[in-house]
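Asks: Please find one structure pasted underneath; my questions will follow.
The values are calculated or read from the model by the stated rules, or taken from the named source; none is laboratory data. Computed from a predicted structure; not experimentally measured. Every residue, glycine as well, gets a Cβ built from its backbone with ideal geometry; the counts of neighbours run over all protein chains shown.
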Amino acid sequence: MSAEIRQDLRLTQQLVMTPQLQMAIKLLQLSRLDLIQQLHQELEQNPVLEQTLDTEKGNLQETPAGLAADDTENRKDNTGDIDWQTYIEEHAEASRIRHGFESGEEEETESDLSLTKKTTLTDHLTWQLHLSDFTPKETDIGTLIIGNIDENGYLMITVEEIASEMNINKDEVEAVLKKIQQFDPVGIAARDIKECILIQATFLPDKNRVIIEEIVNKHLNDLEKKNYKKIAKALNVHISRVIDAVKVISHLEPRPGRAFGEDESQVIIPDVYIQKVGNDYVILLNEDGLPKLRISPYYRDMLAKNGSASDNVKSYIQERLRSAVWLIKSIHQRQRTIYRVAESIVKFHREFMDNGIGFLKPLILRDVARDIGMHESTVSRVTTNKYAHTPQGIFELKYFFNSGISKDDGSNIAAESVKERIRKLISSENPKKPLSDQKISKLLKGSGIDIARRTVAKYREAIRIFSSSERRVRF
């Protein structure tokens, strides 16, 4: 059989991660402070971008957010000749950021801008994630895991929930989680205090690690009660070895993530305000402090003349102009997405907005993603490091996403609501006779919430409340 050379024409679809798309994704997941810093950096690097002054407000068009994005959605991103006059006229005015809080206080803006950028726990873990030997799929799993680690370093959702969100086997999630638990800081991504200690124990010398693992795995109750003699007898070792192990445990970090948040306290400025007006809720984006951007009139005039600049200069300005338009488009898209997610959250959590944490319902990313017609990963990005000012206080948007527990009447109650009930029960207990986890379980079951003692213990640890024996000692 002779070799044959043929040409085949095949039509395929694939997503190309262009620099513009990378920019859009990056802006979407930035916090408010990081966004402001990013925009100032773009202003320094791109001469085509220009920041308007407050005195120019009267010249700004009241264009709905996203108009520039919509107008450029289908424009071909080629490097060929461009009708500069039409191109510039279309984007010169529309490519400006509309601010919903024109009358915001300058003091708040200056305070926001003067805050120094600090590496967050999420940044630190994500950096390690991308330096590790992960497949693209494992990186996606790792990103979701890291996005659900709280400020103290604990994983706040279960492996089963992550597997369900990504429609994968939970063993795949567990494998990635085990790798992330080897990241710095030591003890990160644990699901409870016990696991946090055990993770840290793996980094200890063998002579300490073995006995500590034995104590934590099998004698945690005796450890809490300081019953060292009983532990020594059970392990068949001298009590001095137990005391030495306890000293090591006392120096382990119960909150491995706090090193990334205790050096400075920053005032949280909400990204969105949710206010009740009559019987309805109004959502207002807080764009105060965000630089107002537009295409520089100087470069607009230079390109409009279409002959006074060399080809190299035109090519450079063309590339910078394209980058500027994409930046403004991405900002509009970011703000519009935050608004839509907040709007959906209000729809699902109307009772919470009216009555408080006790009325929070179970909600997962998929629910909101389907409601607004976006991908779950987009919702995940937009809810991280974004805050909402609600009638019940200021909350991170990701706070509204949590699992549920079944009630006797067949309905579900959010895990955060159950944690709040546990907190209230403990706050009103008799200090001399603190409630045990079993007693709390019975009290909640009396309210129609079917919850096991082990789950009560898990939630109690999640809200950083000591066991009944430790609470009794403290008083």
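Asks: Considering segment 243-258 alone, what residues qualify as being at pLDDT 85 or above and more than 17 Å from Lys194 (Cα to Cα)?
Replies: Ile243, Asp244
A quick yes/no check of all residues on (1) over 27 Å from Ile465 (Cα atoms); (2) buried (at least 17 other Cβ atoms within 10 Å of the Cβ); (3) in the same structural domain as Ile149 (by TED's automatic domain parsing):
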{"position": "Ser380", "(1), (2), (3)": "yes, yes, no"}
{"position": "Glu420", "(1), (2), (3)": "no, yes, no"}
{"position": "Ile426", "(1), (2), (3)": "no, yes, no"}
{"position": "Lys439", "(1), (2), (3)": "no, no, no"}
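Asks: Which of the residues spanning segment 429-462 are outside any helix (DSSP H, G or I) and in contact with a strand residue (DSSP E or B) (Cβ under 8 Å, 6 or more places away or on another chain)?
Replies: Residues satisfying the conditions are Gly448, Ile449, Asp450, Ile451.
Asks: Considering each residue of segment 225-240, count those that are in a helix (DSSP H, G or I) and farther than 16 Å from Ser469 by Cα, and give that number.
Replies: Adding up the residues that qualify gives 9.
Asks: List every residue pair whose Cβ atoms lie under 6 Å apart, where the two residues are 6 or more positions apart in sequence or sit on different chains, the first residue falls within segment 197-217 and is more than 17 Å from Arg255 (Cα to Cα), and the second residue, located anywhere, is part of a loop (DSSP other than H, G, I, E, B) and aromatic (Phe, Trp, Tyr).
Replies: As it stands, the answer is none, since no pair meets every condition given.
Asks: What number of residues in segment 459-475 are at pLDDT 85 or above and of a type in the set (Phe, Trp, Tyr)?
Replies: 2
Asks: What tally of residues in segment 195-210 results from selecting those that are farther than 11 Å from Gly153 by Cα and either surrounded by 19 or more Cβ atoms within 10 Å (Cβ to Cβ) or at pLDDT 90 or above (or both)?
Replies: 6
Asks: Still on this structure, please answer the following. Filter segment 264-306 down to the residues that are of a type in the set (Gly, Ala, Ser) and surrounded by 12 or more Cβ atoms within 10 Å (Cβ to Cβ), then identify the one that is nearest to Gln335 (Cα to Cα).
Replies: Result: Gly289.
Asks: Just for segment 150-194: of the residues that are of a type in the set (Lys, Arg) and surrounded by 17 or more Cβ atoms within 10 Å (Cβ to Cβ), which one is nearest to Pro256 (Cα to Cα)?
Replies: Per the criteria, the residue is Arg191.
Asks: Further question on the same structure: Just give me the residues in segment 122-157 being under 20 Å from Asp192 (Cα atoms), assigned to a loop (DSSP other than H, G, I, E, B) and of a type outside the set (D, E, K, R), in sequence order.
Replies: Asn148, Asn152, Gly153, Met156, Ile157
Asks: Provide a single number: the residues in segment 358-377 that are in contact with a Ser or Thr (Cβ under 9 Å, 6 or more places away or on another chain) and either part of a loop (DSSP other than H, G, I, E, B) or without any contact (Cβ under 8 Å) to a residue 12 or more places away in the chain (or both).
Replies: Final tally of qualifying residues: 6.
Asks: Among the residues of segment 221-242, count how many are under 28 Å from Ile188 (Cβ atoms) and either surrounded by 14 or more Cβ atoms within 10 Å (Cβ to Cβ) or at pLDDT 90 or above (or both).
Replies: Count: 5.
Asks: Could you list, in sequence order, the residues of segment 138-160 that are touching a residue at least 12 places away in the same chain (Cβ under 8 Å) and among the hydroxyl-bearing types (Ser, Thr, Tyr)?
Replies: Across segment 138-160, the qualifying residues are Thr143, Tyr154, Thr158.
Asks: While we're looking at this one, here's another question. Which one is nearest to Glu376 (Cα to Cα) among residues in segment 334-357 that are touching a Phe, Trp or Tyr at 6+ places or on another chain (Cβ under 7 Å) and in contact (Cβ under 8 Å) with a residue 24 or more places away in the chain?
Replies: Filtering first and then ranking leaves Ile345.
Asks: Moving to a separate point now. Determine, yes or no, whether Ile394 is touching a Pro at 6+ places or on another chain (Cβ under 7 Å) and β-branched (Val, Ile, Thr).
Replies: The answer is yes for Ile394.
Asks: Under 7 Å by Cβ, and 6 or more places apart or on different chains, what pairs join a residue from segment 161-177 that is without any contact (Cβ under 8 Å) to a residue 40 or more places away in the chain with one that is among the basic types (Lys, Arg) and surrounded by 14 or more Cβ atoms within 10 Å (Cβ to Cβ)?
Replies: What qualifies is Ala163/Lys170.
Asks: Kindly check whether there is at least one residue in segment 240-253 that is more than 30 Å from Glu351 (Cβ to Cβ) and touching a residue at least 60 places away in the same chain (Cβ under 8 Å).
Replies: yes
Asks: Then there is this: Can you tell me which residue among Val325, Val346, Val313 is assigned to a helix (DSSP H, G or I) and at pLDDT 90 or above?
Replies: Answer to the selection: Val346.
Asks: For segment 378-400, which residues satisfy the criterion of being part of a helix (DSSP H, G or I) and either of a type outside the set (S, T, N, Q) or without any contact (Cβ under 8 Å) to a residue 40 or more places away in the chain (or both)?
Replies: Correct list: Val379, Arg381, Val382, Leu397, Lys398, Tyr399, Phe400.
Asks: Test each condition in (1) under 17 Å from His389 (Cβ atoms); (2) assigned to a loop (DSSP other than H, G, I, E, B); (3) out of contact with any helix residue (DSSP H, G or I) (no Cβ under 6 Å at 6 or more places or on another chain) for Gln275 and report the one that comes out false.
Replies: Failing condition for Gln275: (2).
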